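Working notes for the structure below.
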Amino acid sequence: MSRRERQRRRRRNKGGPGRVLLLAFGILTAMLAIGSLSAVGYVVSLASSGPDLSGLKPVEQGANTVVYAKDGKTRLGFIQSTILRQPIPSTAIPKVMNDATVAIEDRRFYQHTGVDFEGVIRAGVKNLRSGETVQGGSTLTMQLIRNLYTEDRERNFKRKIREAKLAEELENRHPGPLGKKWILTKYLNSVPYGTVGGQSAYGVQAASRLYFNKRARDLKLHEAALLAGLPQAPSAFSPYKNPDGAMRRRNDVLDSMADQGYISTTDAEEAKARPLGVKKTDYFTERREGYFFEYVRRELVRKYGVKKVRRGGLKVYTTVDLKAQQKARKAIRDRLPNPGDPSAALVSIDPRNGHIKAMASSRSYGESKFDLASQGVRQPGSTAKMLVLMAALRRGVDINRTSYDSKKLNFIDKGTGAKIEVSNSDGGAYGGRRTLFQATVASDNTVFQQLALDLGPDAVRQTAYDMGITSKLDAYPAEALGGMRKCCTVLEMARAYTTINDGGDKLKPIAITKVKFPDGKVDKSLGKPRRTKIFTDGQTYEAIKAMQANAARGTGTAANLGFCPTAGKTGTTTGFADAWFAGMTSNLTTVVWVGHPGSRVPMTAVPGWGTMFGGKAPAAIFHDFMAATVNRKTCGEWPKPKEPFESAPFFGTYAKSGAPGGTSTPTDGFSPPTGTDNDDADGDSTGRGGTQYPSDQYEDPPQAPPPTQTPAPAAPSPPPANNGGGSTGGGTAGGSPAGSIP
């Protein structure tokens, strides 16, 4: 072996270990590169497997549905939901809230473009040192993606990668300082701040109300710091469940703000010395005009369904006039001021458009959730006579010429097979031959019973339905005098009388004028007047003239306004359990009911009133409310009809020959009609072929009025005189007691 070969071999053997190490390092580097490329490829594949931002639709987060009064500004309340959210613009969020949030959640928010790689490394080191996850690597933008687009709550690497990709896309879509402001505002309007009393606050405005009962714009430094610290763990840092933990978290936020130069150290220390300052509030549960509010809620559910209403985000504008509500309650309170007095309810409707102007009662919503005005079903007494009168007018009956004998009735009607036993006030106030006009003024039970029999109970029932009565009627003869089994609410009667006041057009009562949805769309369908022509204006004009006479010189004089033409009708049921006044001016219809809810307690000793009739407290409440509410500039005579009333021949059996009087044997000369009793498909009994007896007959037979009690000292100024409304009457008609007192 030559010398050169030996030297070459020695050099090769000498460099052996180094070359091995070099080779090993090269192999390791290649493997790391391959691994890195594989990891990058895996990350890229995860990112690309997720959807693009352009293909995602923001989650409909909703907001609380708020209901406003007629003025469009005064809030009646929020419709209850498990989620509390009130989105606000950036101008309504104070700088201190923005700074506190950025300081504790994403300190490099204004430097990164959606993903903070330094933050990820910093969070990883901190978590490694602590041995647990104490800090996340998600930016505010990534959290917004989760809240606004994906709602993915799984804690895994795959979700983080996809959120990071979408966060960068979102930042590219909203670049620069304005984009950062947009992202931060969206975040502060969507992030959860915790649950109190079963309701979860989403967004800073709802959280400000829930924890401090104030608007977000009014938050102070220590309050903003408390809220900013909640999103990371709302339950763990809840100031109600864990006040010590909430205090520590708030102070961490203040320290972070000081470290990053948002506030001075002095400001931070002063804020840390402040108590938490949280206060429970009924802001989201408090309601004004609770009964009307609940009526509106039911209307919304009927229109849009439970899910959409609960989802929230609606702005609901209503018809209720808060000043009119106050005047209604004052009128009730002034006329029935004593403990133990009967309850009262009032509904007032604008006949021009059907808007419910007032819906009030003597009850408070906190006392009872049952609404006397829209849910309380009570017999209407003689106010039902206007349903009969309108049935006659639509047949062309001339109420000024058609007359009946006013006398006590006791016979069996051949047409219905029903026993008719009806009397007037104390059995003696009969007027001989009376026209229907005169009978309306006098509220003559016997005349109206004969008229109803001549028209037919079915015709009277159909007219009642056509005028707006929605309760089930049985077509018993007694219904002509208010002897219904399950009718009527104050709202129903107000609607029926509005049909007269509106010139014969039936109007659906309107409580909601418009609904604004979260996307800006406005639905005005609920506020659009829906008219159905029932009568001519000539027919209703005849009825109004009769009611005007009743208010001027009949049973309703206590309701007469004097300064404005007034029309109306009193009603009192047998046993004095219910007293009504239903009346109107040309620009407003109002119905008042007085009685004891849930029972038929006789009102025979009401302080200041004695025995209660429709012409007493109900008429006085009507007068006081209308005098304070009616627009005197637009109040005037009813316009002359465009289609004057045209009479038609009417050959009523009792109008022509008269009804049998009070004989001792009412069946004399009676031959039962052929056929047997049959119920309609819905169980509605017509009363033909025999006497029909409703299940809840009047409890009291006809009786003389009890003596008037001495007014209690606590009563208001002496009530107006009854003027003809203080006599009893009634009896049975068709198996159902007539239940009507003038």
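Observations
- Here the range 314-369 has an Rg and Dmax of 13.0, 41 Å, counting Cα atoms alone.
- Inter-label distance, nm, simple model (7 Å from Cα along the C-beta direction), Lys508/Arg310: 2.5 nm
- Restriction of the trypsin sites (Lys or Arg not before Pro) in the range 253-301 to DSSP coil positions whose beta-carbon has at most 16 other beta-carbons within 10 angstrom yields Lys279, Lys280, Arg288.
- For Glu286, net neighbour charge (Lys/Arg +1, Asp/Glu -1) across residues whose Cβ lies under 13 Å away: +3
- Cα pair distances in the range 299-340, grouped into 5 Å bins until the bin that holds the longest one, percent each: 5, 17, 15, 12, 10, 12, 12, 11, 6
- Full-extension gain in nm, Asn338 to Lys642, via 0.36 nm per residue minus C-alpha separation: 104.6 nm
- Alpha-carbon centroid distance for the pair the range 548-578 / the range 283-352, whole angstrom: 26 Å
- For the range 333-440, lysine pairs with C-alpha atoms less than 30 angstrom apart, excluding pairs fewer than eight positions apart on the same chain, total 8.
- Surface exposure of the range 485-622, expressed per residue as accessible area with a 1.4 Å probe, stands at 26 Å².
- With 0.36 nm allotted per residue and the present C-alpha distance subtracted, the Ser364-Thr653 stretch has 99.0 nm of extension available.
- Of the solvent-accessible surface of the range 484-616, computed with a 1.4 Å probe and all protein chains present, 51% belongs to carbon and sulfur.
- Fraction in percent of alpha-carbon pairs per bin - 10 Å, the range 320-452: 10, 28, 25, 25, 12, 0
- Between Arg75 and Val377, the C-beta separation translates, for a Förster distance of 30 Å, into a calculated FRET efficiency of about 0.45.
- Solvent-accessible area per residue in the range 364-407 equals 33 Å², computed with a 1.4 angstrom probe and all protein chains kept.
- Partner lysines for Lys241 [C-alpha distance under 19 Å; skip if fewer than 8 residues away on the same chain]: Lys279, Lys280
- Of the solvent-accessible surface of the range 302-347, computed with a 1.4 Å probe over protein heavy atoms with every protein chain present, carbon and sulfur atoms account for 46 percent.
- The range 230-310: radius of gyration and largest Cα-Cα distance (Dmax), Å: 20.6, 57
- Within the range 486-567, the trypsin sites (Lys or Arg not before Pro) that combine a DSSP coil assignment with at most 15 other C-beta atoms in a 10 angstrom radius are Lys486, Lys521, Lys524, Arg530.
- Label-point separation, Ala627 to Glu169 (7 Å along Cα→Cβ), nm: 7.1 nm
- Rounded if a/c under 1.5, otherwise prolate or oblate - the range 461-580, Cα gyration tensor axes: prolate
- Centroid-to-centroid separation of the range 422-501 and the range 184-206 [C-alpha atoms, Å]: 57 Å
- Loop-located trypsin sites (Lys or Arg not before Pro) across the range 591-636 with a Cβ neighbour count of 15 or fewer within 10 Å are Arg632, Lys633, with loop assigned by DSSP.
- Geometric extent, Cα atoms of the range 254-381 - Rg, Dmax (angstrom): 23.6, 78
- Modelled this way, with points 7 Å down the Cα-to-C-beta line, the labels at Val601 and Arg274 are 5.3 nm from one another.
- Extension gain, Thr470 to Arg553, is 26.7 nm, computed as 0.36 nm per intervening residue step minus the present C-alpha separation.
- Of all accessible heavy-atom area on the range 212-301, the percent that carbon and sulfur account for (1.4 Å): 43 percent
The values are calculated or read from the model by the stated rules, or taken from the named source; none is laboratory data. It should be emphasised that the depicted structure is a prediction, and the values quoted were computed from it without experimental measurement. Cβ: placed from backbone, ideal geometry, glycine included. Neighbour counts: every protein chain shown. Side chains included, ligands, DNA and RNA excluded: accessible areas come from the protein's heavy atoms. Shrake-Rupley method; radii C 1.70, N 1.55, O 1.52, S 1.80 Å.
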